[in-house]
Each structure stands twice: as structure tokens, then as C-alpha cells.
Amino acid sequence: MMLVDSHCHLDYYKEEDGELDAVVARARAAGVVTMVTIGTRISEFERVRRIAERYDDVYCTVGTHPHEAASEPEIDVAGIVELTKHPKVIGIGETGLDFYYDHSPRDRQAEVFRTHIAAACESGLPLIVHSRGADAETAGMLQAGAGGGALRGLVHCFSTTRQLSDRAIEIGFLISLSGILTFKNAVELREIAQQIPVEHLLVETDAPYLAPVPHRGKRNEPAFVAHTANHLAELRGMAPADLAAATTANFFRLFAKARPAGSA
């Protein structure tokens with residue numbers, strides 16, 4: 001099987017003692033052909049980009065997480081678009097709204113989110129959306145941003161309500177599922193996951209967070225995306241290889257700037 005980890009944070013692993021190299025090697029051994037290391041702070045983008053440059057099968061994104069909306073340097077649409085010109089930068093985000101933790105003022109989160117939506121429309125790159133405790137607000141802003149038809153992207157680590165998944169799918173967004181899907185108490189999420197059209201599905205780890213069963217409670221890593229994919233396949237009554245092929249094809253269709261390692 002060939003899998004893609006559409007969302008991980010490789011900058012959380014140490015480079016100097018070989019930990020990062022080992023994590024990437026284990027992912028490859030598990031059939032993960034591509035990893036996307038996600039930008040959450042503009043001020044730390046250079047390290048995220050450097051990691052993507054280091055490995056043929058790793059790409060990256062640029063963006064400001066809603067938790068950091070108030071503390072990170074302000075960047076305008078043109079500034080974000082300029083950073084996306086690097087060949088390894090394939091998406092914008094992670095950005096969005098988090099009204100559960102409220103680490104940044106809500107008006108500031110919304111302002112930063114609008115800037116990223118505009119940058120995604122201008123660049124043509126997919127938007128990676130974080131939403132927690134803000135389904136209606138997130139859906140409304142995506143709907144408004146998609147009015148011109150240029151907005152593409154995904155809702156990452158989806159674990160909320162059908163309100164958000166249905167509206168995101170309506171505007172053409174994909175839904176990315178993480179190890180939360182395997183948790184015993186994720187009953188509603190599993191019901192939603194069974195009904196999402198297969199062409200709108202992606203899988204991810206959000207590593208080093210949210211390790212799936214049977215590794216729950218341990219540090220997550222991209223290799224473990226296979227457990228989430230296999231669980232999703234079982235839920236949907238699909239062969240694991242078919243689910244892997246579908247989500248991998250979905251990824252490369254959405255992230256058209258990315259190429260499987262070794263391809264022309």
C-alpha cells in the first residue's frame with residue numbers, strides 16, 4: 001500500500017541526534033510515500049521549509065495557527081504568497097478558528113484566517129483549516145471565501161460535527177481524518193466518516209500528537225497513519241489497499257504541486 005500523511009509536524013522531532021531521520025525512515029517502511037510537515041508559525045517557517053528540502057518525500061506549508069494569531073508577526077496576503085513560491089511549499093495553513101482554547105482573541109483569529117483564505121485564493125494552493133469549537137463560524141468564513149470559486153483545501157484532523165463536514169464538502173473541500181477516529185469514544189465521528197464521499201477523504205497523523213490505537217498515549221509519528229487508514233477502511237467496508245489508493249489519489253489531486261518521490 002502507498003499512503004500519504006497529509007498533516008504532521010516534523011519540526012517537533014530532533015534533527016541533531018538522528019531522531020527525525022529515524023521517524024522518516026519508519027514512515028517509508030510503513031508505506032508512507034509522502035509527508036506534509038505543517039507550518040504553524042510564520043516566525044519558524046524557515047525550519048519547516050528546511051526539513052522539507054532535506055527529504056524528497058516531504059513537503060511543507062506556510063501559515064499561522066489560530067493559537068498563535070496574536071503572538072506571531074503580522075503578514076499580509078502578498079507576503080504569504082511570496083513564501084509559497086518555493087517548490088516545496090504546497091499549501092497554506094494551518095489556519096482557522098479555535099474557540100475551545102481561545103489562546104488568541106477571536107477577532108484576531110478571524111482576521112488572520114481571512115488573510116490566509118485570500119492568500120489561498122490568490123496562489124491557487126490548498127488551504128489547511130483548523131477548527132475547534134467554531135464550526136458555524138469556520139463554515140461561514142469558508143463559504144464566503146469560496147464565493148469566487150478559487151478556494152480549495154481541507155479540514156484537517158476533523159473531529160467535530162456534520163455541520164462543518166457537510167458545508168466543507170459542499171464547497172469542494174476534503175476532510176482529513178486522524179487517529180481520533182480509532183478512539184473508543186469517537187462514535188459520532190465514525191458515523192460521519194462512513195458517510196463522507198470517498199473522493200473527499202484524506203488521512204493524517206497530526207504527529208507527534210493523537211497517536212491512533214494501538215499506540216494511543218505514545219508519541220505519534222507518520223508511520224502510524226497506516227492504523228488510521230486501516231480502521232477507516234474497515235468502517236467503510238473497503239479493502240485497505242483500495243482505501244489507501246483512494247486517499248493517496250485524493251491527496252495528489254488536491255495538492256497538484258506535490259509529486260510522489262522519484263516521479264518525473
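The values are calculated or read from the model by the stated rules, or taken from the named source; none is laboratory data. Remember, predicted model here, so these are calculated numbers, not experimental data. With ideal geometry, Cβ positions are generated from the backbone for all residues, glycine too; neighbour counts draw on all protein chains shown. Protein only, heavy atoms only, side chains kept; ligands, DNA and RNA dropped before computing areas. Shrake-Rupley method; radii C 1.70, N 1.55, O 1.52, S 1.80 Å.
Out of everything in the range 33-86 that is hydroxyl-bearing (Ser, Thr, Tyr) and within 18 Å of residue 119 (Cα to Cα), what residue ends up being most open to solvent (accessible area, probe 1.4 Å)? Per the criteria, the residue is 43.
Any residue at all in the range 130-150 that is under 13 Å from the mean Cα position of the chain (by Cα) and of a type outside the set (Lys, Arg)? Please lay out each step first, then the result.
The initial filter retains those residues of the range 130-150 that are under 13 Å from the mean Cα position of the chain (by Cα), namely 130-131.
Applying the additional criterion that residues be of a type outside the set (Lys, Arg) yields 130-131.
For the range 130-150, residues under 13 Å from the mean Cα position of the chain (by Cα) and of a type outside the set (Lys, Arg): present.
Matching residues to (1) touching an Asp or Glu at 6+ places or on another chain (Cβ under 9 Å); (2) among the β-branched types (Val, Ile, Thr); (3) open to solvent by less than 10 Å² (accessible area, probe 1.4 Å):
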position: 158; (1), (2), (3): no, no, yes
position: 167; (1), (2), (3): yes, no, no
position: 179; (1), (2), (3): yes, no, yes
position: 195; (1), (2), (3): no, no, no
position: 202; (1), (2), (3): no, no, yes
position: 208; (1), (2), (3): yes, no, no
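Given the criterion closer than 14 Å to residue 35 by Cα and basic (Lys, Arg), identify the matching residue among 218, 257. Let's see the steps before the verdict.
Details: 218 fails: closer than 14 Å to residue 35 by Cα.
Among 218, 257, only 257 is closer than 14 Å to residue 35 by Cα and basic (Lys, Arg).
Restricting to the range 17-53, name every residue that is under 15 Å from residue 260 (Cα atoms) and of a type in the set (Lys, Arg). 28 - this is the single residue of the range 17-53 that is under 15 Å from residue 260 (Cα atoms) and of a type in the set (Lys, Arg).
For the condition touching a Phe, Trp or Tyr at 6+ places or on another chain (Cβ under 8 Å) and either closer than 22 Å to residue 177 by Cβ or touching a residue at least 40 places away in the same chain (Cβ under 8 Å) (or both), what is the one hit in 35, 1?
Working: 1 fails: touching a Phe, Trp or Tyr at 6+ places or on another chain (Cβ under 8 Å).
Of the residues listed, the single one that is touching a Phe, Trp or Tyr at 6+ places or on another chain (Cβ under 8 Å) and either closer than 22 Å to residue 177 by Cβ or touching a residue at least 40 places away in the same chain (Cβ under 8 Å) (or both) is 35.
For the range 34-61, filtering for residues that are outside any loop (DSSP other than H, G, I, E, B), touching a Gly at 6+ places or on another chain (Cβ under 9 Å) and within 17 Å of residue 209 (Cβ to Cβ) leaves 3. If you filter the range 227-249 down to residues that are over 19 Å from residue 28 (Cα atoms) and in contact with a Ser or Thr (Cβ under 9 Å, 6 or more places away or on another chain), you find that the one that is surrounded by the fewest Cβ atoms within 10 Å (Cβ to Cβ) is 231.
Any chance you could count how many residues in the range 231-245 are part of a helix (DSSP H, G or I), without any contact (Cβ under 8 Å) to a residue 12 or more places away in the chain and not aliphatic (A, V, I, L, M)? Steps first, please.
The first filter runs over the range 231-245 and keeps only residues part of a helix (DSSP H, G or I), leaving 231-236, 240-245.
The next check asks that each one be without any contact (Cβ under 8 Å) to a residue 12 or more places away in the chain; those that pass are 233-234, 242.
Right, trim to not aliphatic (A, V, I, L, M) and you get 234, 242.
Residues that pass the stated criteria total 2.
Among residues of the range 141-160 that are β-branched (Val, Ile, Thr), those with a beta-carbon under 7 Å from a residue that is part of a loop (DSSP other than H, G, I, E, B) at least six positions away or on a different chain give the pairs 155/173.
Summed over the range 1-58, the residues that are at pLDDT below 95 and not charged (D, E, K, R) give a count of 1. If the condition is being exposed (fewer than 15 other Cβ atoms within 10 Å of the Cβ) and free of Cβ contacts under 8 Å to residues at least 60 places away in the same chain, then the range 87-101 contributes 100, 101.
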